[in-house]
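The values are calculated or read from the model by the stated rules, or taken from the named source; none is laboratory data. Predicted, not measured: the structure shown is a model, and the values here were computed from it. Virtual Cβ from ideal backbone geometry, glycine too; neighbours counted across all protein chains shown. Just so you know, the surface numbers come from the protein's heavy atoms only, side chains and all, with ligands and any DNA or RNA stripped out. Shrake-Rupley method; radii C 1.70, N 1.55, O 1.52, S 1.80 Å.
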Amino acid sequence: MKLFVFSALLVLAAARPQDSLDSLEPEVKVLSERFEQDEQGSYQYGYELDNGQKVDEQGTVVPGPEPETGSLEVQGSYSFVGDDGVTYTVTYTAGEQGYQAQGDHLPQAPAQIPEYAELREKYPQLFWAENQQPAEAAPEGALF
C-alpha cells in the first residue's frame, strides 16, 4: 500500500503545472501567420513573432515524367535576433540542386584563383566532369 501511495504522489508531483520553469523564458506572441496550399500541393506559409523571428517560404510542385512523380522547389527566408542583438537573415532555395543558403553572416566561397583559370584553359581534359549531365537514376531493384 505504501508503494501505491508513493507512486500516486509521484504522479501528482510530475503532473503539476511547471510555472517556475516557464517563467525562465519570455512569452513570445505571434504577430502574424499564414498558410495557403493549392490543389497541386504548392504552398506559401509564413509567420512573424514579437521577438524578431520571421519566416516566409514558398514551395512549388514540379510534376515528373510519370504520374505520382516529381519534386518540390522551395525558396524562402528566415530572420532572427542573435544574442548580440543583431537581426540575422538567411535566404534559401531547396530542390533537386540541394539546399543553398545565403546570408551576410554566412561564410562565402572564395573567388576562383587565377591559376585555376589557367589550368582550365591549358588542360580542358581535366575538367571533363563539369560538363557532364547528371546520370539517370538506376532502375528500382538495381544492385549498383
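PRE reach from Y45 (point 7 Å along Cα→Cβ): which of the range 73-104 fall under 16 Å by backbone N? Backbone N within reach: 73-79, 94. Site pair Q37 and E130 shows an inter-label distance of 4.2 nm when each label is modelled 7 Å from Cα along Cα→Cβ.
A simple spin-label model places the labels of H105 and T60 3.0 nm from each other, with each point 7 Å out along Cα-to-Cβ.
Couplings 3J(HN,Hα) for the range 50-61, derived from phi with the Karplus relation 6.51 cos²θ - 1.76 cosθ + 1.60 (θ = phi - 60°), are 6, 8, x, 6, 8, 9, 9, 8, 10, x, 10, 6 Hz, where x marks Gly and Pro. Across the range 79-95, rounded Karplus estimates of 3J(HN,Hα) from the backbone phi angles (6.51 cos²θ - 1.76 cosθ + 1.60, θ = phi - 60°) give 10, 8, 9, x, 4, 8, x, 8, 8, 9, 10, 10, 10, 8, 10, 8, x Hz, Gly and Pro being marked x. Cα centroids of the range 23-50 and the range 113-129: 48 Å apart. Computed from backbone phi, the HN-Hα couplings of the range 97-103 come to 8, x, 8, 10, 10, 9, x Hz, rounded to whole numbers (Karplus: 6.51 cos²θ - 1.76 cosθ + 1.60, θ = phi - 60°; Gly and Pro given as x).
Between G70 and G64, the built amide H atoms are under 5 Å apart, and every one of these is 5 or more places off in sequence or on another chain.
Computed over protein heavy atoms with a 1.4 Å probe, the accessible surface of the range 38-86 works out to 66 Å² per residue.
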